[in-house]
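Asks: Handing you a structure now.
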Amino acid sequence: MILTKKDFFSHPFFKSVKLNRLSRFVENYRTPVFIYSAEAVLRQINLFKKNIPGKFKLFYAQKSNPNPSLLRFINTTGIGCDTASLGEIKSAIKEGFSKDRIMFTGPGKTEKELSYAISNNLLSINVESFHEIEIINRIAKRKERIQDIMLRINPAFEAGETTKIIGGKGTSKFGIDYEQIPEVISGLKNLQNVNLCGIHIFNSSGILDYRKILKNTKDVIRITIELEEKFNLNFKRIDLGGGFGIPYSKAEKELDIKKLGNGLKKFINKKEIRERLKNKELVFELGRYISAYSGVYLTKVLYTKKSCGKNIAIIDGGIHHLLRPALIGQSFPVINLSAILQNRKSLTRSYLIAGPLCTSLDEIDSDALMNEVTPGDILAVLNCGAYGYTESMPLFLTQIKSTEYFMNK
């Protein structure tokens, strides 16, 4: 894709970080660097708070970007933190999140991790198998505690996910199949040190159509109400997962958060729904939506060449820092930052942007349209604040590692 000047300056990152602040990174460039903007993160959190009814609480999915400075800043906004490992729990606590604002999720928790979570009295542990529940009960009994758990369910419906990232309908390593719930509920009667306090359904990722998120939210809430009635239960929390997407190309439109909020407000204010949700907390756990816009990845052009008529730019960065293009075929907007800073009047060309690794998988974009590139130019890859460096393979080929920089004011 090509970004026009209007697109460029309307992007959330460049609304918050002026070009003159980036120029020093270009002038003093040493190695590839991820730059994160606090203001761009705050923009997304405020959009959620402004448009989504207050009944819905926001948690940050730390897996999208665990940068310590970023975590520390997000904590100041008062939202919660969703964690998926012992390391993430410790990071959340270290960066200031109170333990009653931390949830622990994941299909393969070790006994050491579960013991730590129980000892630290986290808000809840979202469980994904009956065997896990039995282990939690045993540990909690030994510690003379009663542990709140939320049951992650694989529903018999989809939310509109197009890539297999987080699960959904069908065979999945995540959660418990809907058909297995009666057996699990029955088994819980014999476990005295766990308290089933809620339901967790996370079956979508990267959705831009607010109607799909709205429908999925309604379906999850209705399933929860059905389970309460069927098994005479009273949940205090419903974890609706995430799924809020951001656009990565001009063909995609930004999620209409205002229309989503209006739809949610209308639904939860229906008399029969309002009564059933009266004492319940509703949770969205969002990662990409909060942090993606906040990050850019700067990388230097080493060589330019042609192959079979195609322009190629070889850069010093690549999928060892930003794996998503190879992992799931995710493309990212790329701009020639040097050309923009120099106000260079040059032709727009299509480039294959490829890294230095000895694999043909090492491509950031196979058709990046931008100002003409010359060796030494610094390119900026946008929307890298989520699932960037944290998801990559920096040890491959013992290449140079990227650095990270957090901008706050």
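The values are calculated or read from the model by the stated rules, or taken from the named source; none is laboratory data. As the structure is a prediction and not an experimental result, all values here were calculated from the model. Don't worry about glycine lacking a Cβ; one is built from the backbone with ideal geometry, like all the others, and counts go over all protein chains shown.
Asks: Can you name the residue in the stretch 171-188 that is in a loop (DSSP other than H, G, I, E, B) and farther than 10 Å from ASN203 by Cβ and, of all such residues, is modelled with the lowest pLDDT? Walk me through it before giving the result.
Replies: Narrowing the stretch 171-188 to residues in a loop (DSSP other than H, G, I, E, B): 171-175.
Within this subset, residues satisfying the condition of being farther than 10 Å from ASN203 by Cβ are 171, 173.
Details: THR171: 74, LYS173: 84.
Applying the filter and picking the extreme gives THR171.
Asks: Then there is this: Here are some conditions: (1) over 26 Å from HIS11 (Cα atoms); (2) touching a residue at least 40 places away in the same chain (Cβ under 8 Å); (3) of a type outside the set (Asp, Glu). LEU286 meets all but one. Which one does it not meet?
Replies: LEU286 satisfies every listed condition except (1).
Asks: Can you tell me which of PHE59, PHE73, PHE48 is outside the structural domain of ILE400 (by TED's automatic domain parsing), touching a residue at least 40 places away in the same chain (Cβ under 8 Å) and out of contact with any strand residue (DSSP E or B) (no Cβ under 6 Å at 6 or more places or on another chain)? I'd like the intermediate steps shown before the answer.
Replies: Values: PHE59 fails: out of contact with any strand residue (DSSP E or B) (no Cβ under 6 Å at 6 or more places or on another chain); PHE48 fails: out of contact with any strand residue (DSSP E or B) (no Cβ under 6 Å at 6 or more places or on another chain).
It is PHE73.
Asks: Please go through the stretch 284-300 and pick out each residue that is of a type in the set (D, E, K, R) and under 17 Å from LEU337 (Cβ atoms). Can you show your working first?
Replies: Step one: filter the stretch 284-300 for residues of a type in the set (D, E, K, R), giving 285, 288, 300.
Across the stretch 284-300, the qualifying residue is only LYS300.
Asks: Condition check: surrounded by 15 or more Cβ atoms within 10 Å (Cβ to Cβ), in contact (Cβ under 8 Å) with a residue 40 or more places away in the chain and within 30 Å of ASN262 (Cα to Cα). Does VAL33 satisfy that?
Replies: Numbers: surrounded by 15 or more Cβ atoms within 10 Å (Cβ to Cβ): yes; in contact (Cβ under 8 Å) with a residue 40 or more places away in the chain: yes; within 30 Å of ASN262 (Cα to Cα): no.
No; evaluated as a whole, the condition is false for this residue.
Asks: Continuing with the same structure: Quick one: which helices (runs of 4 or more DSSP H) lie wholly within the stretch 2-50 and hold at least 3 residues that are at pLDDT below 90 and out of contact with any His (no Cβ under 8 Å at 6 or more places or on another chain)?
Replies: Values: elements: 5-10, 12-16, 19-27.
Ranges flagged: 5-10, 19-27.
Asks: Shifting gears a bit: Please tell me if ILE238 is modelled with pLDDT of 95 or more and under 17 Å from ARG152 (Cβ atoms). It would help to see each step written out before you state the result.
Replies: Numbers: modelled with pLDDT of 95 or more: yes; under 17 Å from ARG152 (Cβ atoms): yes.
Here the answer is yes, as ILE238 does meet what is asked.
Asks: Consider the stretch 230-243. How many of its residues are free of Cβ contacts under 8 Å to residues at least 60 places away in the same chain, charged (D, E, K, R) and either over 16 Å from ARG274 (Cα atoms) or touching a helix residue (DSSP H, G or I) at 6+ places or on another chain (Cβ under 9 Å) (or both)?
Replies: So the count comes out to 1.
Asks: Working only within the stretch 344-356, note down all residues that are modelled with pLDDT of 90 or more and outside any strand (DSSP E or B).
Replies: GLY355, PRO356
Asks: Right, another one. Give the residue, chosen from LEU86, LEU71, that is of a type in the set (A, V, I, L, M) and under 30 Å from ALA380 (Cα atoms).
Replies: Values: LEU86 fails: under 30 Å from ALA380 (Cα atoms).
Exactly one of LEU86, LEU71 is of a type in the set (A, V, I, L, M) and under 30 Å from ALA380 (Cα atoms), namely LEU71.
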